[in-house]
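Below is one structure, written out as structure tokens; the observations come after it.
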Amino acid sequence: MPLSAPSARKKLHTRNIELNGYLREDGLFDIEAHMTDIKTYSIDNKWRDGIAPGEALHEMWVRLTIDGNFKIIDVEATTDNSPFEMCPNITEAYKDLIGINIGAGWRRTVNEKVKGKKGCTHISELMGPLATVSFQTMMGNIQKKNNREDKKKHFKPMVLNSCHAWADDSEVVKTFFPEYYAGEKDA
């Protein structure tokens, strides 16, 4: 259901972010993000000789290539549109993420490597959603792997307590993972 209609207003800005996850032929995964910022009015800009309404002020692309354990194998970042000539020069800094794992401590590690003057605000902002989409992309792969593992081992579901619906005392957990249900037991 859409939001309720507010009073009259004028649109000034649109940020579009598209994220996609792919399984590659070599068994690795590509997780990609594309972001644009677009204004409805013109902007004075010395480097680009102005930015027209509807033209991208920012346009960035990021690809994380990861293995089945969420280890980053490669990173590619590009800046197609930016307000300053120097902005595209920092994209190679994201190669510093190669070798780390997406998981606990992800945001902290990203911040240590590419926060502030060591990176681009807009590309760094994409790292959170890229991590989320990596889990969404690989969830089926993880479930298949867990189903093949020794049935005597118990694998705590990754989604447990990750949100309201997957709370250990929710009806969802009671239905799908009753062994992890921590709510009131039926009498």
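Since every read-out is calculated from the coordinates, none of them should be taken as a lab result. Just so we're clear, the structure is a prediction, and the values are computed from it rather than from any experiment. Every residue, glycine among them, receives a Cβ derived from its backbone with ideal geometry; neighbour counts consider all protein chains shown.
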Cα centre as origin, Lys/Arg/Asp/Glu Cβ charges: the chain dipole, Debye:
400 debye
Virtual spin-label span in nm between MET139 and ILE17, 7 Å along Cα→Cβ
1.8 nm
Using only Cα atoms, locate the centre of segment 60-108 and the centre of segment 1-31, then give the distance between them in Å, rounded to an integer.
19 Å
Within the set LYS39/LYS113; LYS71/LYS113; LYS46/LYS115, which residue pairs have Cα atoms separated by over 19 Å?
LYS39/LYS113; LYS46/LYS115
Let me check I have the definition right: for segment 62-113, take the eigenvalues of the Cα gyration tensor, multiply each by 5, take square roots. What are those semi-axes in whole Å, largest first?
23, 12, 8
So, R0 is 41 Å and r is the distance between the beta-carbons of ARG48 and PHE177; what FRET efficiency does that work out to, to 0.05?
0.20
If Lys and Arg each add +1 and Asp and Glu each add -1, what is the summed charge of the other residues whose beta carbon sits under 13 Å from the beta carbon of PRO129?
-1
Which ³J(HN,Hα) values in Hz, rounded to whole numbers, follow from the phi angles of segment 159-176 under the Karplus curve 6.51 cos²θ - 1.76 cosθ + 1.60, where θ = phi - 60° and Gly and Pro get x?
7, 4, 6, 7, 6, 4, 5, 9, 4, 5, 10, 8, 5, 5, 5, 4, 6, 8
